[in-house]
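Report on the structure given below.
The values are calculated or read from the model by the stated rules, or taken from the named source; none is laboratory data. All figures in this text were calculated on a predicted structure; none of them were measured in a lab. Glycine gets a Cβ as well: all are built from the backbone with ideal geometry, and neighbour counts include every protein chain shown. Remember, those area values only see protein heavy atoms, side chains included, never the ligands or the DNA or RNA. Shrake-Rupley method; radii C 1.70, N 1.55, O 1.52, S 1.80 Å.
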Amino acid sequence: MDKVTCLADAALPTRYGQFRVMTFEVDETRSVSLALVRGTVSGSRPPLVRLHSQCLTGDVFGSLRCDCGEQLAAALVRIATSDGGILLYLPQEGRGIGLVNKIRAYALQDDGLDTVDANLMLGLPVDRREYGSAAAILRYLGVARVRLLTNNPAKLRALEGHGIRVVERVPLETTPNPVNLPYLRTKAERLGHLLGLTVDDLDTRPARCNGHGTRGRR
Ligand SMILES: [Zn+2]
């Protein structure tokens, strides 16, 4: 079982609302995760929790290649308006393959591969993220049951595997843009994410007139 040490703790007013920011070092890897804590989280009502894996390009630079930045902002809005909630910011860039490999995978995607095949082409796992340290931080905060903000059933199962009970899955959907739509489609079709993409979202080939008054596809 992962062990974590709380190293620092301060108030963090944000544009979304007031949080407490706490830094945790994972004893085994020495990696540092952040917890943004809102309100009371160890009471009887399970807090709203988001496990957000770091995405420098999406979170900081507003990259449209993925939906990470938008999900981060949406999660902070939801948590800031809840009675109690926690956002854990986990240093697992590029689904755990690291920043350089993520950019290498982007280059392969520029040549037409999807996010899954690009990772495989580089000899890397499709998803290397782990949530044992997230579970350890939640336990430190006195949290055994959560309402989890996620579209990813695998994340929910992983957290439960580390002993945190997920009493509710709260969807966290973003609005697709023309750049990230293929990425979102791959997440839905190949990685099992529960995204409410419509048929039109999923098929971005141009519509054409088929002479029968209905919409066809090329
Ligand atoms: Zn991202």
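Numbers below:
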{"quantity": "Residue-wise HN-Hα coupling along region 61-74, computed from phi with Karplus coefficients 6.51, -1.76, 1.60 (Hz; x: Gly, Pro)", "calculated": "9, x, 4, 8, 5, 9, 10, 4, x, 5, 5, 4, 5, 4"}
{"quantity": "Relative packing of peptides 173-182, 146-155 - highest average C-beta neighbours within 10 Å first", "calculated": "146-155, 173-182"}
{"quantity": "Packing rank of 10-19, 158-167, where each peptide gets the mean count of other beta carbons within 10 Å, highest leading", "calculated": "158-167, 10-19"}
{"quantity": "Mean separation of Cα contacts under 8 Å (6+ apart) over length of region 12-108, as relative contact order %", "calculated": "31 percent"}
{"quantity": "Heavy-atom accessible surface of the chain: percent carbon and sulfur, 1.4 Å", "calculated": "53 percent"}
{"quantity": "Theoretical ellipticity at 222 nm over the chain - DSSP helices of four or more residues, -39500 (n - 2.57) apiece, nearest 500", "calculated": "-8500 deg cm²/dmol"}
{"quantity": "Heavy-atom accessible area per residue - region 26-105, 1.4 Å, Å²", "calculated": "43 Å²"}
{"quantity": "Under 5 Å, built H, 5+ apart or other chain: amide partners of Leu12", "calculated": "Phe19, Arg20, Val21"}
{"quantity": "Long-range HN-HN contacts of Val170 with modeled amide H, under 5 Å", "calculated": "Leu148, Leu149, Thr150"}
{"quantity": "Kirkwood Rh and Cα Rg combined as Rg/Rh, region 1-99", "calculated": "0.97"}
{"quantity": "Under-5 Å amide H pairs with Gly84, H placed in peptide plane, nonlocal only", "calculated": "Leu48"}
{"quantity": "For the chain, share of DSSP beta bridges that run antiparallel, in % to the nearest 5", "calculated": "65 percent"}
{"quantity": "Residue order for Met22, Met1, Met121 - accessible surface, 1.4 angstrom probe, largest first", "calculated": "Met1, Met121, Met22"}
{"quantity": "Stokes-Einstein D in µm²/s, Kirkwood radius over Cα pairs - the chain at 4 °C with 1.567 mPa s viscosity", "calculated": "70 µm²/s"}
{"quantity": "Cα point-scatterer Debye curve for region 43-130, base-10 log of I(q)/I(0) at q = 0.20 Å⁻¹", "calculated": "-0.92"}
{"quantity": "Euclidean distance of C-alpha centroids, region 127-172 and region 40-98, integer Å", "calculated": "12 Å"}
{"quantity": "Kirkwood Rh, angstrom, region 99-165 [1 / mean 1/r, Cα pairs]", "calculated": "13.8 Å"}
